[in-house]
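Okay, structure first, notes after.
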Amino acid sequence: MITQEIGIWIGLALIIVAFAVLFTFVPVALWISAWAAGVKVGIFQLVGMRLRRVIPHRVVNPLIKAVKAGLDISTNKLEGHYLAGGNVDRVVNALIAAQRANIDLTFERCAAIDLAGRDVLEAVQMSVNPKVIETPFIAGVAMDGIEVKAKARITVRANIDRLVGGAGEETIIARVGEGIVSTIGSATNHKEVLENPDMISQTVLKKGLDAGTAFEILSIDIADIDIGKNIGAVLQTDQAEADKKIAQAKAEERRAMAVAQEQEMKARVEEMRAKVVEAEAEVPMAMSEALRSGNLGVMDYMNFNNIKADTDMRDSIGKATDDGEDEEGTNPVDRRR
């Protein structure tokens, strides 16, 4: 009797364990939810998802949502997209949003956009509700040298056909900035830009800046415009300062050359004086040679010395007279008169 009771308890325990394993490995609750929603998903199909390492509720719940929205999507497509690393729930939400907005979007394109790393649901929402991108202040210089700063608001709509491989918001901002700079630069006067800011948006829109991007530009509006520096005056001032420095450098070069030439002339004067002294030193030697050879007599030499002495005396008297007249402030010429 006791043995039978033990056997019954063991059997009940095994049944409970079996049911626990069954409900753990096989998502029965999920199968019941799908069956109640009218989604045909077999219990063995759910077991196969477990074996393929697919989380069943990540596929079945979006499938229930798609069926209720009237979309015809197979379980295999959703399971394949999950195995590829995509976000099944986001793809289904995007397809439902596209269907409600009458946007032609297939599951394959939606899955490709999702696998490309873009938020496909946000792209569909942006197609319905355009997005506004605000640029920072972009500076341009008009022909008169005045800097003009402009800030633009770009209204864009997602182009679903170009989401895969199309450029992003940074490219749109860069192209619009380039267009603003070129438009301001082509203006003859900065006042033209201030008086008619929409000339910037009109010119930029005509350039087709959304080519090759994932967006379609709807409008470009100038939100703010301001005056910056007088770049032309700054450049002229810098040029004048540079010219001034160049002129100073050339003047310093000429001064250095003049100083060098002056020193060279002084050196040449000293050289000539040395030659004079050298020539004067040869006079006694020549006179000695003349006396020795008989070309000059003793009386001639004495007469030469007397003449030299008279000349030195006259020079001394002349210098003394000139010094005295300079001290009295009298001109020697007037004194002789």
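Throughout, read-outs are computed from the coordinates displayed, never taken from laboratory work. Predicted, not measured: the structure shown is a model, and the values here were computed from it. Methodologically, a virtual Cβ is constructed for each residue, glycine included, from the backbone with ideal geometry; neighbour enumeration extends over all protein chains shown.
Details
- Here, P(r) means the percent of Cα pairs in each 10 Å bin from 0 to the largest distance; for region 132-278 it is 10, 26, 17, 11, 8, 7, 7, 6, 4, 2, 0.
- At least 30 Å along the helix axis (C-alpha) and Kyte average at least 1.0, DSSP helices within the chain: 2-25
- Positive minus negative residues near ALA150 (Lys, Arg vs Asp, Glu; Cβ under 10 Å): 0
- For the chain, calculated [θ]222 nm from helices alone, where every DSSP H run of n ≥ 4 adds -39500 (n - 2.57): -22500 deg cm²/dmol
- Region 194-258 and region 44-58 have their alpha-carbon centroids 64 Å apart.
- Among the listed pairs LYS149/LYS206; LYS149/LYS191; LYS151/LYS191; LYS40/LYS68, those with a Cα-Cα distance over 19 Å are LYS149/LYS206.
- Relative contact order computed over the chain (Cα-Cα under 8 Å; 6+ residues apart), in percent: 10 percent
- Sorted on the mean count of surrounding Cβ atoms within 10 Å across their residues, most packed first, peptides 294-304, 82-92, 273-283 read 82-92, 294-304, 273-283.
- Counting only aspartates and glutamates at least 8 places from LYS77 when in the same chain, those with an alpha carbon closer than 12 Å to its own are GLU108.
- Efficiency of FRET between ALA223 and LYS191 - r from beta-carbon atoms, R0 25 angstrom, step 0.05: 0.80
- Translational diffusion coefficient (Stokes-Einstein; Kirkwood radius from C-alpha pairs) of region 16-175 at 25 °C, 0.890 mPa s, in µm²/s: 131 µm²/s
- log10 of Debye I(q)/I(0), alpha-carbon scatterers only, for the chain at 0.09, 0.11 Å⁻¹: -0.83, -0.97
- Share of alpha-carbon pairs per 10 Å distance bin for region 200-313, given as whole %: 10, 14, 12, 10, 10, 8, 7, 7, 6, 4, 6, 6, 1
- Of the peptides 37-43, 146-152, 55-61, the ranking by mean beta-carbon count within 10 Å, highest at the top, reads 146-152, 55-61, 37-43.
- R0 of 35 Å, Cβ-Cβ distance GLU271-GLN239: FRET efficiency to nearest 0.05: 0.15
- Rounded to the nearest 20 debye, the dipole magnitude of the chain is 3340 debye, with +1 charges on Lys and Arg beta carbons, -1 on Asp and Glu beta carbons, and the Cα centre as origin.
- Among ASN295, LEU14, ALA274 - extreme Cα towards positive end, dipole of the chain, charges at beta-carbon: LEU14
- Within the straight-line cut-off of under 25 Å between alpha carbons, the lysines reachable from LYS319 are LYS308, sequence neighbours fewer than 8 places apart in one chain being disregarded.
- For the chain, the antiparallel share of DSSP beta bridges with both residues in that region comes to about 95%.
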